[in-house]
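Visitor: Take a look at this one; I'll ask things after.
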Amino acid sequence: MKKPSLLSKHLLKIALVLLSPMLISVLSCNGKKESGAKVEVRKITVAVRQDYIPYAYVDESGKLTGYEYDILRAAEKFLPQYKFEYFATGQEDALLGLETGRNQIVVSGLFSNPTRVAKYGIPKNPESATVTGFYVNAKYKDKLQGWNKEDGYSDIFYNNLKVAPIFGAGGILGIAEEYNRKNPDRKISYETGSTRIPSTEFFAWVLEGRYDAVLGNESSFWQTYNLDGKINSSGTPDPNYKDKLIFVPTYSIGVWPFFNKNETQLIEDYNKAFEELYKNGTVKTLQEKYFGKEVLSGLREHEKIRF
């Protein structure tokens, strides 16, 4: 075989020198193209309860707002792989949408219980909390002794107060059942109903004497109606009930967004986003905005925030 001449070797060196910048440029461009590749964004549909002040509701201007709505909007910043689209509806329709796959998330001031855990996807931590308790006719005020922890149930039991029916598909029923399981010697009696009844109607029944107490949560007054028929979104008791009903607290309970049961990756991603919001102070800031205070620290041990 003929060996390459000295001239050939020289020309090869010159060619390599001339081509090197071009090769580097091509490789560099390929690298940029790869690193700048678009991430596939998935649309996530979120059903927002339209009337649950201050958690999720439509304000007087027709816009979605509320603590849970704002938490999800803030979480979006840490979830670039998703595009959240929101719509307002009622709680039953929102939960039905989870089951059919129409929407992947629901925010509706929801409580967790074993039945719901089996049916829906629930994140690692609650995003908020509410104080549960009894709205009692003020005429019983002098007979009520407990104003903290679970003493509110004892007040109902020992005074033999008649409790209004509890909606069978709601989270409040789970709270009452849990208390009765843990306190078989002090069970409270109540009927269950299949139709959701507005808080205002329950409050009216208590004032009329039809029932003595209603089991609910502290935010129920924020959902009531003024005389002009508009939702009272000021966070203060409706004037129709001020000084006529008193709230006897029991304990704080976690409030959670619910996910479609099969959305395991979405739930995992949300858990990470919520942790970021909790650690950077966004959660505390939004709680102070909507509740006037931080509310998660008062939860019972099994629902406390854990990272």
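Visitor: Could you tell me the accessible area of SER297 in Å² (1.4 Å probe, neighbours in place), rounded to the nearest ten?
Guide: It works out to around 80 Å².
Visitor: How high is the FRET efficiency from VAL41 to PHE167, r the C-beta distance, R0 51 Å, rounded to 0.05?
Guide: With R0 = 51 Å, the Cβ-Cβ based efficiency is 0.85.
Visitor: Residue by residue, what Karplus-based ³J(HN,Hα) values in Hz, rounded to whole numbers, does the range 63-80 have, using 6.51, -1.76 and 1.60 with θ = phi - 60° and x for Gly and Pro?
Guide: Running phi through 6.51 cos²θ - 1.76 cosθ + 1.60 with θ = phi - 60° gives 9, 5, 7, x, 4, 5, 4, 5, 4, 5, 4, 5, 5, 4, 5, 9, 10, x Hz.
Visitor: Please give the contour-minus-distance gain from HIS302 to ASP243: 0.36 nm per residue of separation, less the Cα-Cα distance, rounded to one decimal in nm.
Guide: 17.8 nm
Visitor: What ³J(HN,Hα) values, in whole Hz, does the Karplus curve 6.51 cos²θ - 1.76 cosθ + 1.60 give for the range 180-187 when θ = phi - 60°, with x put for Gly and Pro?
Guide: The phi angles translate into 5, 5, 7, 10, x, 8, 9, 5 Hz.
Visitor: Using a Förster distance of 35 angstrom, determine the FRET efficiency expected from the C-beta separation of THR100 and LYS284, and round it to 0.05.
Guide: 0.50
Visitor: Okay, next question. Would you kindly derive the ³J(HN,Hα) couplings of the range 293-306 from the backbone phi angles with the Karplus curve 6.51 cos²θ - 1.76 cosθ + 1.60 (θ = phi - 60°), listing them in order in whole Hz, with x for Gly and Pro?
Guide: So the J values, rounded to whole Hz, are 6, 7, 10, 6, 5, x, 6, 5, 3, 6, 10, 4, 4, 9.
Visitor: Which of the GluC sites (Glu not before Pro) found in the range 181-217 are in a DSSP loop and have at most 12 neighbouring Cβ atoms, other than their own, within 10 Å?
Guide: For GluC sites (Glu not before Pro) across the range 181-217 that sit outside H, G, I, E and B with at most 12 neighbouring Cβ atoms in 10 Å, the list reads GLU191.
Visitor: Can I ask one more? Nearest-5 percent of antiparallel DSSP beta bridges in the range 41-89?
Guide: Antiparallel bridges: around 35 percent, rounded to the nearest 5.
Visitor: At a Förster distance of 30 Å, what's the computed FRET efficiency of LYS83 paired with THR200, Cβ-Cβ distance as r, to 0.05?
Guide: The value I calculate is 0.20.
Visitor: Can you give the extra length, in nm with one decimal, that the chain gains between THR115 and SER61 once fully stretched, where that is 0.36 nm per residue apart less the Cα-Cα distance?
Guide: 15.8 nm
Visitor: A follow-up question, please. List the residues whose amide H sits under 5 Å from the amide H of ASN103, counting only those 5 or more places along or on another chain, with H placed 1.01 Å from N in the peptide plane.
Guide: LEU98
Visitor: Write down the accessible area per residue of the range 53-133 in Å², having rolled a 1.4 Å probe over the full set of protein chains.
Guide: Accessible area per residue: 39 Å².
Visitor: So what is log10(I(q)/I(0)) for the range 32-191 at q = 0.14, 0.18 1/Å, when the Debye sum runs over its Cα atoms only?
Guide: Results for the range 32-191 at q = 0.14, 0.18 Å⁻¹ read -0.86, -1.16.
Visitor: Hey, which of these cross-link pairs are over 20 Å Cα-Cα: LYS182/LYS293; LYS139/LYS162; LYS119/LYS162; LYS63/LYS272; LYS77/LYS272; LYS182/LYS261?
Guide: LYS182/LYS293; LYS119/LYS162; LYS63/LYS272; LYS182/LYS261
Visitor: How large is Rg/Rh for the range 121-211, to two decimals, with Cα atoms and a Kirkwood Rh?
Guide: Here the Rg-to-Rh quotient is 0.97.
The values are calculated or read from the model by the stated rules, or taken from the named source; none is laboratory data. Only a predicted model underlies this, so the values are computations on that prediction, with no experimental measurement involved. A quick note on method: Cβ atoms are made from the backbone with ideal geometry, for glycine too, and the neighbour counts reach across all protein chains shown. Note: areas computed on protein heavy atoms with side chains; ligands, DNA, RNA excluded. Shrake-Rupley method; radii C 1.70, N 1.55, O 1.52, S 1.80 Å.
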